[in-house]
Amino acid sequence: MHRLDEDTRPSKWLKRFDTRWRPRWAKISGEISPMPAPNDAGVGPKDPFAEHLGIRFFPTESGTVGAELTVATKHLTHQGMVHGGVLYTMAEAVLTKASTVHGVAANTLDVSVSFAVPARMGDRLRGVAEEVVLRRRTAVYTVKIKNQHDELVAVFQATALRMA
C-alpha cells in the first residue's frame, strides 16, 4: 500500500548523498559554515550583507554591540531619505551580534519598529543594542539608531529565541 507521506520522506539514497557529499559540496560551493568566523572588529560572527551596505560594528562599554553607518546614495529612496530596509538591516545585524555575545546562537522571533526622524544623505548613523531581558530560551533587546546630532531615528524592540 502506498502511504501519503512516502513522497515527502527523503530516500535512503538522498540521506547517503547528504551525509557523504554535503561537507565536500559546502567547501566547493562556498556555503557559509554554521559557525561563521569573527569579523574584523572581533565582534560576533561575520555578516556579509551588513558589510556590503557599509555597516561597521564596535563593542560598547556595557558589553553589548553597536554599529555605525555613513549614509551614501545607495541607501536612499527616491525621496532622498534612507530606506527603511537599510535601518532594519542595521538593527537586525546589531541584534544578532548582541544576542550571540553570551556564546549561544539565537534567531529573531519578533521585531517591532518605530521610525521617528528621517535620515538623509551624509548622516552618520549609530545603532546600539540594549539587552532588556535575558532568559534561558528567550531574550528581549532594544536597538536605538541615532544620527550625528543625537536625534533618535528609529527604535527597534525585538525578541530572540536562544538555541541553548
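All of the numbers you see were taken from the coordinates with simple rules; none came from a lab. Since we're looking at a predicted model, the values are computed, not measured. Cβ coordinates were reconstructed from backbone atoms using ideal geometry, including for glycine residues, and neighbour counts include every protein chain displayed.
Computed from the C-beta positions of VAL101 and GLN79 and an R0 of 35 Å, the FRET efficiency is 0.45 to the nearest 0.05.
You can think of it this way: the chain between ARG124 and GLN157 has 9.7 nm of extra reach, that is 0.36 nm per residue less the Cα-Cα gap. Quick note on segment 72-164: its Rg to Rh ratio, both from C-alpha atoms and Rh being the Kirkwood radius, is 1.02. Given LEU53, THR108, VAL128, which one lies farthest toward the positive end of the charge dipole of segment 48-162, if we put +1 on the Cβ of every Lys and Arg and -1 on the Cβ of every Asp and Glu? Farthest towards the positive end: THR108.
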